[in-house]
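Contents: one structure, followed by commentary.
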Amino acid sequence: GDSVTQMEGPVTLSEEAFLTINCTYTATGYPSLFWYVQYPGEGLQLLLKATKADDKGSNKGFEATYRKETTSFHLEKGSVQVSDSAVYFCALSDLTGANNLFFGTGTRLTVIP
Amino acid sequence: EAQVTQNPRYLITVTGKKLTVTCSQNMNHEYMSWYRQDPGLGLRQIYYSMNVEVTDKGDVPEGYKVSRKEKRNFPLILESPSPNQTSLYFCASSYKGGSYEQYFGPGTRLTVT
């Protein structure tokens, strides 16, 4: 079945460091791919998405490219800030029309000044 | 303001005592869903609904019930809670199926003793 494998955390970086969080997926067909972010004490919110191969999603300096050949959707940011400290979830939507999301286990990022 | 609300935010209860967690959205979304979040497991879907009076099981439906009598509300019912249902629960909604963004509520932390 459909699944997402996400880089284990936690990840601790200094401010202005480069961030990569790896995400690979298994799915039949071509699902939509998402990154959601969860700030402390809050629900998840959409960070970015891509709906077809080679699409690049971007938001708030984060970006991820839908790579069909490697079944990956890695999250990157060139220069992280303390305010980026959160848990990041990679997810894919199934293709049944039900809009069900399959989530990775989440990666906790802590950015230190 | 567009939002998904959940109540209560925190709940401590005892084994076997029936409880309901309410979820409401003000965006006229057709799709609603319940997830539970557990450490190391990410988010797993419990039940979802694609419209009024249409509900279906997710990945972990055992021990839960839902109903969708109105478009805006999607309560989660635990008829006889057990300690293994101690978790963080999220309600989400989206316009409809496919690649549409899901909007999450703030979460309900449930402890069953």
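Which residue, B:74, B:90, B:110, has the largest displacement toward the positive end of the dipole of the stretch B:46-113 when charges sit on each Cβ (Lys, Arg +1; Asp, Glu -1)?
Going by the Cα projections, it comes out as B:74.
Dividing the convex hull volume of the Cα atoms of chain B by its residue count, what figure in Å³ per residue is obtained? Write out the running numbers ahead of the final one.
Details: hull volume 10.7 nm³, N = 113.
That works out to 95 Å³ per residue.
Show me, for the stretch A:33-46, the HN-Hα J-couplings you get by feeding each phi into the Karplus relation (A = 6.51, B = -1.76, C = 1.60, θ = phi - 60°), rounded to Hz, glycine and proline as x.
Whole-Hz 3J(HN,Hα) from phi for the stretch A:33-46: 10, 9, 10, 10, 10, 10, 7, x, x, 10, x, 6, 9, 5.
Defining a contact as two alpha carbons under 8 Å apart and six or more residues distant in sequence, what relative contact order in percent does chain B show? Show your work: numbers first, answer last.
Numbers: 302 pairs, mean separation 40.3, N = 113.
Averaging sequence separation for qualifying contacts and normalising by length gives 36 percent for chain B.
Taking only C-alpha pairs under 8 Å that are 6+ residues apart, what is the relative contact order of chain A in percent? Let's see the in-between values first.
Working: 299 pairs, mean separation 41.4, N = 113.
With pairs under 8 Å counted, the relative contact order is 37 percent.
Hey, got the average number of other protein chain Cβ atoms within 10 angstrom for residues in B:37-47?
On the way: counts 7, 1, 2, 3, 3, 11, 11, 2, 5, 0, 0.
Average neighbour count from other chains, rounded to a whole number: 4.
Would you kindly find the accessible area of residue B:72, with a 1.4 Å probe and non-protein molecules such as ligands, DNA and RNA excluded, rounding to the nearest 10 Å²?
Number for this one is 120 Å².
Probe radius 1.4 Å, ligands and nucleic acids ignored: give me the carbon and sulfur share of the accessible area of the stretch A:16-89 as a rounded percent. Please report the intermediate quantities before stating the final value.
Working: 1580 of 3320 Å².
The value for the stretch A:16-89 is 47 percent carbon and sulfur by accessible area.
Mind checking how much accessible area B and A bury in total, 1.4 Å probe, in Å² rounded to 100?
Values: alone 6190 and 5970 Å², together 10490 Å².
In total, this chain pair buries about 1700 Å².
Taking amide H atoms as placed 1.01 Å from N in the peptide plane, list the residues 5 or more away in sequence, or in a different chain, whose amide H sits under 5 Å from that of residue B:58.
Those lying under 5 Å, H to H, from residue B:58 are B:47, B:48.
What is the count of Lys pairs in chain A whose alpha carbons sit under 18 Å apart, if the two are 8 or more places apart or on different chains? Please report the intermediate quantities before stating the final value.
Values: A:49/A:60; A:49/A:68; A:49/A:77; A:52/A:68; A:56/A:68; A:56/A:77; A:60/A:77.
Qualifying lysine pairs in chain A: 7.
On full extension of the chain, what length is gained from residue B:22 through residue B:67, given 0.36 nm per residue of separation minus the C-alpha to C-alpha distance? Can you show the working numbers first?
Values: separation 45, 0.36 × 45 = 16.20 nm, distance 1.05 nm.
Net length gain for the segment: 15.1 nm.
The values are calculated or read from the model by the stated rules, or taken from the named source; none is laboratory data. Because the structure is predicted, anything quoted here is derived from the model rather than measured. When we count neighbours, we look across all protein chains shown, and the Cβ atoms used for this are built from the backbone with ideal geometry, even at glycine. Only protein heavy atoms, including side chains, enter the accessible area calculation; ligands, DNA and RNA are left aside. Shrake-Rupley method; radii C 1.70, N 1.55, O 1.52, S 1.80 Å.
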